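Encoded as structure tokens, the structure appears first; notes follow it.
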């Protein structure tokens, strides 16, 4: 079989006519509470996506994950040899059960609102419609869609499946929301999410103060030392965002705990940071206390290489052919795109519909961007040639700002 082809005009026209269908599917997804770990809600989201995809000729299967929620895999062009394009998106949100009952999906003044509408149920809808479009108009085009279950809690379940899919892929396009200004994302920081536990010795703070060892005091010393690791110039930030501990106001604290967020710019920085963190945790300022460090979750950084720059250039030109100006930008936020970029697979993130206010009650998606971002994604898939080894060194570096 020859190279896959896309009937571009038919695809663009079909996507343009699909705005009502996109909104209907989006409303159903948003009106399902699907916080990370809520198996019932996540399975309902997967059911809606699977039903739509199967009705539109896309092959779908559930991938057991070892949790109560399987991942959803969708495939087009499976008879064609070659590396597929990987479209990614996560089905979980940050909003707890009961949120939809208080504030459900609703349109207002050219925007669509609701819990998780931007991050990232609109991206799921976009990916589903692009997959359906290629099943109709992209004869022989191999595309894999992967719908994951725990990105909002650092993808400990989904990460190995993401990496396996990426190793099969020519390029990766992650449907996190487009920036509010319409840009896509080409660079993200890595993130470590850690727990520090401190054990002390309780004592009555008035009767036997010297017999105690304060875990709270020890944690306070560690916080000061930890935050000195912040190095803005090197892209490293350390934030102790949660603290708890103690038994009562008149008891020397027997325990304390801190939640730590560490961001870094390059993979090479990680091991040194871990060693520095461990050194601070292992050192003791308050005699009689002991401390532990536990990694609760982790994202790898998304660092743009020549292949990613070429992929962005294709996306930028595809958007321009639709009359849309798009730039690329960096962000301190993390996403699953870091797992694929760190494998050396050309990756672009933030290609989902344009939105803002993620993780807040004001979260929104620009209504018209459902179609335009789907069209830009489809054209990018059609027009991007996988990078050949000899092309990497000669890739055009001029299409991005100097910071990249």
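Read-outs: derived from the displayed coordinates by stated rules, not from any lab. The structure presented is a predicted model; accordingly, all values stated were derived computationally and were not measured. Don't worry about glycine lacking a Cβ; one is built from the backbone with ideal geometry, like all the others, and counts go over all protein chains shown.
Descriptive notes on the structure:
- Additional length obtainable on full extension of the chain from residue 325 to residue 16, 0.36 nm per residue less Cα span: 109.4 nm
- Taking 14 Å as the cut-off, the amide N atoms of the range 91-113 that come nearer than this to a point 7 Å along the Cα-to-beta-carbon line of residue 31 belong to 100-107, 113.
- Between the helical axis of 306-321 and the longest alpha-carbon principal axis of the chain there is an angle of about 50 degrees.
- Gyration tensor over alpha-carbon atoms, the range 191-247, equivalent ellipsoid semi-axes in Å: 31, 11, 7
- Surface/4 estimate of mean projected area, convex hull on alpha-carbon atoms of the range 190-299, nm²: 6.5
- FRET efficiency for residue 232 and residue 139, using Cβ-Cβ distance with R0 set to 41 Å, rounded to 0.05: 0.20
- Computed over the range 301-378, the range of Cα coordinates on each principal axis works out to 34, 32, 17 Å, biggest value leading.
- Cα gyration tensor category, rounded, prolate or oblate, for the range 225-277 with a/c compared to 1.5: prolate
- Pairs of alpha carbons in the range 1-119 whose separation is greater than 17 Å (percent): 65
- Taking all Cα pairs closer than 8 Å and separated by 6 or more residues, the relative contact order of the chain comes to 21 percent.
- Descending semi-axes in whole angstrom, ellipsoid equivalent of the range 89-211, from the Cα gyration tensor: 42, 22, 13
- Most mobile listed residue (167, 24, 316) in the chain, GNM with C-alpha springs under 10 Å: 24
- Annotation: for a label point projected 7 angstrom from Cα along Cα→Cβ of residue 47, residues of the range 1-39 with backbone N closer than 17 Å are 25-35, 38-39.
- Rounded to the nearest 0.05, the FRET efficiency derived from the C-beta distance between residue 208 and residue 103 at R0 = 51 Å is 0.45.
- Note on residue 181/residue 225: beta-carbon distance plugged into 1/(1 + (r/R0)^6) with R0 of 51 Å gives a FRET efficiency of 0.85.
- Additional length obtainable on full extension of the chain from residue 65 to residue 296, 0.36 nm per residue less Cα span: 81.3 nm
- Between residue 247 and residue 282, the contour length at 0.36 nm per residue exceeds the Cα-Cα span by 10.2 nm.
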